[in-house]
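Step one of this worksheet: look at the structure below.
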Amino acid sequence: MKKEEVPQDKSVLESKKFRELTYAVDKNGDYITELSSGWDPKTIALDNAIKEIEERVSKARQRVMNEETSPIEYYMELHKMDLPILASYAGFWKWRVKRHFKPSVFKKLKHKTLQKYADIFDISIDELKNIPEKP
C-alpha cells in the first residue's frame, strides 16, 4: 500500500493517543514505516474483543461477590490471562491454581502463596483479598 493509502480510521487506539506502525511504499518504491490510527475491520474486531474481556471481568467479579470463586480468578481475568498463563507465572500446576479459585481453599492459602499471586498481579495481599467495590 502506498504511504497516502495507510488507513486513518477512528478507533479505540486513537482515543488513547496510540498509533499502529505499518509498512507502506513511498514515492520511490521503497518500504517505509507509517503510523496509522486504525482500520475499520481491525477496529471492529478490537472493540468486540475489549467488550468480551470486560464482560468476563464483570462476571468474575460478580462470582467473587457471590462467594462462588476467589479473587484470584477476578484478577486473572482483569489482567487478561487464562489458566495456563497464570499457572506458568505462579509456577503451579493448572489444577492447583484452579483449586485456589475455591473460596474455602483461598481463605487457607499461606502468606507465601498469596504473595506470589499478589506479585504476579502487581498488587498487595490486602488488595488481592479484597477486590474493590466498584470496578
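None of the figures in this text is laboratory data; all of them are computed from the coordinates on show. Just so you know, these numbers come straight off a predicted model, no measurement behind them. Here the Cβ positions follow ideal geometry from the backbone for every residue, glycine too, while neighbour counts run over all protein chains shown.
Taking the average, over residues, of other Cβ atoms within 10 Å as the packing measure, peptides 76-83, 52-59 rank 76-83, 52-59 from highest down. Taking 16 Å as the straight-line reach from the Cα of residue 98, the aspartates and glutamates in range (excluding those fewer than 8 positions away in the same chain) are 67, 68, 73, 77, 82. Cross-linked pairs 59/102; 102/129; 80/108; 59/94; 108/129: Cα-Cα separations exceed 19 Å for 80/108; 59/94. Normalised Debye scattering of segment 28-98 at q = 0.14, 0.17 Å⁻¹ gives log10 I(q)/I(0) of -0.60, -0.74, counting only Cα atoms as equal scatterers and leaving out solvent.
Shown in residue order for segment 90-103 are the 3J(HN,Hα) couplings computed by the Karplus curve 6.51 cos²θ - 1.76 cosθ + 1.60 at θ = phi - 60°: 7, x, 10, 5, 4, 5, 6, 4, 4, 5, 5, 5, 6, x Hz (x for Gly and Pro). As a calculated quantity, the FRET efficiency between residue 68 and residue 125 at R0 = 30 Å, using C-beta atoms, amounts to about 0.90.
Full extension of the chain between residue 53 and residue 95 yields a length gain of 12.8 nm, computed as 0.36 nm times the residue separation minus the alpha carbon distance. Compare 22, 113, 69 in a GNM of the chain, Cα atoms joined below 10 Å, and give the one with the largest fluctuation. Looking only at 22, 113, 69, the biggest GNM fluctuation is shown by 22. In loop segments of segment 41-135 as defined by DSSP, the chymotrypsin sites (Phe, Trp or Tyr not before Pro) with at most 16 further C-beta atoms inside 10 Å of their C-beta are 93. Relative contact order, whole percent, for segment 36-111 stands at 25, derived from Cα pairs under 8 Å and 6 or more residues apart. Does the chain come out rounded, prolate or oblate, given a ≥ b ≥ c as the square roots of the eigenvalues of its C-alpha gyration tensor, rounded meaning a/c under 1.5 and, failing that, prolate meaning a/b above b/c? The shape class here is prolate.
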